[in-house]
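First comes the structure, then the notes that go with it.
The values are calculated or read from the model by the stated rules, or taken from the named source; none is laboratory data. All figures in this text were calculated on a predicted structure; none of them were measured in a lab. Please note: Cβ atoms are built from the backbone with ideal geometry, for glycine as well, and neighbour counts cover all protein chains shown. Please note that ligands, DNA and RNA were not included when accessible areas were found on the heavy atoms of the full protein model with its side chains. Shrake-Rupley method; radii C 1.70, N 1.55, O 1.52, S 1.80 Å.
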Amino acid sequence: DHPFIIIAKLFQKKNHLNLIFDQVTIDHSNNRVFRDKSSKRCHKTDGIIFAPNDPYKPGTVHNLFKWKYLDKQSVDFLIKVSEHGNPNTRASVFCVLGPDRQILECKSAIMSEIDWNTYERDVSENPDLGTHIVECTYDPWAGVWKYHGLRPDKALPNALKVLLDTMEVIAENITEDELEYRCKMIPAEDDWKKRVSSSTGRIHRNLVKGSSSR
């Protein structure tokens, strides 16, 4: 008889992040799903929120930190299709919102063939959209933006600051392993960088050794 149920969140100390990650699985649609042991809490997840252990205060909390999986770091662009040249070249550009809310052209819209086809299908199914705001994530391994869908609920793209902040986070590339390891350390004992450098050097030497022995 109740329209909805409110269930309190479970909080873990930051040095017990593994207890959270261990309860995240991938479903049939390739979404990450958090499910606690009681199964009362089951929902899609795109990351973790670090909250201070302070009494509740209304308003904006400036000392919250949200970590998101790299493939969930998205930007909402406006796609502007060029009116010049051969339309089959798909000469389009990604645009963001600049100072005074003007549209800034950033760079060529580089997506995979599959994503372009999906985008064009979505546009054909939404002919009444005046502007095409698209949600994209960046794939640093392939060097392309991955299209996730149109945003018909938005008339404007993200601001330039959002794009720069997102690219900064992607460049930092804080992984689950790094997060778990460093959250257990005090700053004076944090040797993550040294461990990564050592591991990278070891992998490189093994690869070189493997190549030379063939």
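Backbone geometry of segment 37-54 corresponds, through the Karplus equation with coefficients 6.51, -1.76 and 1.60 at θ = phi - 60°, to 3J(HN,Hα) couplings of 4, 7, 6, 6, 10, 9, 7, 5, 9, 10, x, 10, 10, 9, 10, x, 7, 10 Hz, x marking Gly and Pro. Counting only the backbone N, which residues of segment 5-43 are under 11 Å from the spot 7 Å out from the Cα of Asp54 toward its beta-carbon? Of the residues in segment 5-43, none has backbone N under 11 Å from the label point off Asp54. Mind running the shape call on the chain? Use the C-alpha gyration tensor, a ≥ b ≥ c as the square roots of the eigenvalues: rounded below 1.5 for a/c, prolate if a/b tops b/c, oblate otherwise. The shape class here is oblate. Spatially, segment 165-214 and segment 92-138 are offset by 34 Å when compared through their Cα centroids.
Run the accessible area of the chain with a 1.4 Å probe and give the carbon-and-sulfur part as a rounded percent. Intermediate results must be reported in sequence, preceding the final value.
On the way: 8530 of 15860 Å².
Carbon plus sulfur share of accessible area: 54 percent.
Note on segment 141-214: with charges restricted to the Cβ of Lys and Arg (+1) and Asp and Glu (-1), its dipole about the Cα centre is near 480 debye.
Across the cross-link table entries Lys37/Lys184; Lys68/Lys161; Lys72/Lys161; Lys57/Lys154, which are compared at the Cα atoms, the separations over 28 Å belong to Lys57/Lys154.
Extension gain, Leu129 to Trp116, is 2.9 nm, computed as 0.36 nm per intervening residue step minus the present C-alpha separation.
When a/c is below 1.5 the answer is rounded, else prolate if a/b is larger than b/c, else oblate, so apply that to segment 1-70 with a ≥ b ≥ c taken from the square roots of the Cα gyration tensor eigenvalues. Because a/c hits 1.5 or more and a/b fails to exceed b/c, segment 1-70 counts as oblate.
Based on the Cα gyration tensor of segment 96-200, what are the three equivalent ellipsoid semi-axes, each the root of five times an eigenvalue, rounded to whole Å and given largest first?
Details: eigenvalues 262, 60, 29 Å².
They are 36, 17, 12 Å, listed from largest to smallest.
Given Lys40/Lys66; Lys14/Lys146; Lys44/Lys193, which pairs have Cα atoms separated by over 27 Å? Correct reply: Lys14/Lys146; Lys44/Lys193.
Given R0 = 25 Å, the distance between the Cβ atoms of Arg195 and Gln12 translates into a calculated FRET efficiency of 0.55. Taking 18 Å as the straight-line reach from the Cα of Lys209, none of the lysines fall in range once those fewer than 8 positions away in the same chain are excluded. The mean accessible area for residues of the chain, using a 1.4 Å probe and ignoring ligands and nucleic acids, is 74 Å² per residue.
Quick check on segment 144-202: what are the equivalent-ellipsoid semi-axes from the Cα gyration tensor, as sqrt(5λ), descending, whole Å?
Taking √(5λ) for each eigenvalue gives 34, 14, 11 Å, largest first.
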